[in-house]
1. For the chain, which whole-number percentage of the solvent-accessible area (1.4 Å probe, protein heavy atoms only) is attributable to carbon and sulfur atoms?
2. Could you tell me the calculated FRET efficiency between residue 31 and residue 67, based on Cβ-Cβ distance and R0 = 25 angstrom, to the nearest 0.05?
3. Would you calculate, for the chain, the mean residue ellipticity at 222 nm contributed by helices, counting each DSSP H stretch of 4 or more residues as -39,500 (n - 2.57) and dividing by all residues, to the nearest 500?
4. Toward the positive end of the charge dipole of the chain, about the Cα centre and with charges on Cβ (Lys, Arg +1; Asp, Glu -1), which of 14, 40, 63 goes farthest?
5. Restricting things to alpha carbons, find the Rg to Rh ratio for the range 15-67 using the Kirkwood radius for Rh.
6. Only four residue types carry charge here, +1 at the Cβ of Lys and Arg and -1 at the Cβ of Asp and Glu. Report the dipole size of the chain about the Cα centre in Debye, rounded to the nearest 20.
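The values are calculated or read from the model by the stated rules, or taken from the named source; none is laboratory data. Remember, predicted model here, so these are calculated numbers, not experimental data. Please note: Cβ atoms are built from the backbone with ideal geometry, for glycine as well, and neighbour counts cover all protein chains shown. Keep in mind that these areas ignore ligands, DNA and RNA; they rest on the heavy atoms of the full protein, side chains included. Shrake-Rupley method; radii C 1.70, N 1.55, O 1.52, S 1.80 Å.
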Amino acid sequence: MRPTADTIGLKMRHFNDFIRWAIKQRGETQEGLADYLGVNRSTISYRLNGKVEWTLKDAFKACEYFETTLEEVTK
């Protein structure tokens, strides 16, 4: 079964919520994640606020940064 735009949107909101939570839990900053991904801090902010979509590459790298998997985060 192919995912719908609604289910993809829901998973991305869940992903963004996880990233926000993980940043706080680890005492990290958006800037630290941005440095790891090689993007500007404002890019992380735009992504977390749903203004810019995550690239699949950066979503996988963000999960790597927080020592989890994309599959776990988007369950």
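1. Result for the chain: 52 percent of the exposed heavy-atom area is carbon or sulfur.
2. 0.85
3. Rounded to the nearest 500, the figure is -20000 deg cm²/dmol.
4. 14
5. 0.90
6. In total the dipole reaches around 220 debye.
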